[in-house]
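The values are calculated or read from the model by the stated rules, or taken from the named source; none is laboratory data. Predicted, not measured: the structure shown is a model, and the values here were computed from it. Note that each Cβ is placed from the backbone with ideal geometry, even for glycine, and that neighbours are counted across all protein chains shown. We work out accessible area using only protein heavy atoms, side chains counted, and drop any ligands, DNA or RNA first. Shrake-Rupley method; radii C 1.70, N 1.55, O 1.52, S 1.80 Å.
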Amino acid sequence: GQPMIVVSTFAPRYTQWPGCDYDDLLRILQDSCDRVGVRHVCVSDTYRPHCDAFVCDLPRELMPLLIDAQLQFMRQCDEPILFTGADCVLTRDPRGVLREGIDLAITTDKNRRRLNTGAMFVADGPRCAPVWQAALDMNPVEWGQDQTCLLAAIQASSLNVDYLSKREYNRPPLDPGEEGREAMIVHFKGDRKAAMQPWWDRFC
């Protein structure tokens, strides 16, 4: 079938959520990728204990770091990529989501004004890389500007973009006891990160 590689990003110097061990989250993401038989790599600037790492130099600040990490991976990757977060769980095989002729598939809100970076399907890394470079050139510094700059660059580009349903492809569990596995990627945003291991133990 169609190849695809799942790619997350984590720089150890960054901790937005106190008490959150991102390497533990990456271990759960890795387990979920193993279960559906797809390769997972974390872009980092150091070795990661639970998964393969693509090690490269990264900016100190988080917003440019997230875009630059993906950009560096895209430039050297010759197979389709699913970019996701360290705080995400893959529930089913992502291969086959990208339709013929589509360069990029993303999840946004209904008005297509807010990008979810937990599920971005890239058909051809080198072809899409200039769009990520354009987002980086916007100088994202404030929290959330990785999303706003990327979406602006994507929508200003000539890429063929598929807008996917958040409910089907990338959303958090709606409440702590909910299974929520109908989404391909279950996204433990914000302070939900502590619920990721219990959710995985219960439903997977």
| message | So for region 66-84 (the condition being open to solvent by less than 30 Å² (accessible area, probe 1.4 Å), closer than 22 Å to Asp23 by Cα, at pLDDT below 95 and touching a Gly at 6+ places or on another chain (Cβ under 9 Å)), does at least one residue qualify? | response | no
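Yes/no per residue for (1) open to solvent by less than 50 Å² (accessible area, probe 1.4 Å); (2) closer than 20 Å to Leu136 by Cα:
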position: Tyr22; (1), (2): yes, no
position: Arg27; (1), (2): no, no
position: Val36; (1), (2): yes, no
position: Asp45; (1), (2): yes, yes
position: Cys88; (1), (2): yes, no
| message | Can you pull out every residue in region 47-65 that is under 22 Å from Ala194 (Cα atoms) and open to solvent by 20 Å² or more (accessible area, probe 1.4 Å)? | response | Pro49, His50, Leu62
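This table checks each residue for (1) at pLDDT below 95; (2) in contact with a Pro (Cβ under 7 Å, 6 or more places away or on another chain); (3) open to solvent by less than 50 Å² (accessible area, probe 1.4 Å); (4) closer than 30 Å to Gln197 by Cβ.
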| position | (1), (2), (3), (4) |
| --- | --- |
| Gly144 | yes, no, yes, yes |
| Leu151 | no, no, yes, no |
| Arg171 | yes, no, yes, yes |
| Leu174 | yes, no, no, yes |
| task | Report the residue count in region 13-44 for those that are closer than 18 Å to Lys189 by Cα and modelled with pLDDT under 85. | result | 7
| query | Out of all the residues in region 90-105, which are open to solvent by 10 Å² or more (accessible area, probe 1.4 Å) and at negative phi? | reply | Thr91, Arg92, Asp93, Arg95, Val97, Leu98, Arg99, Glu100, Ile102, Asp103
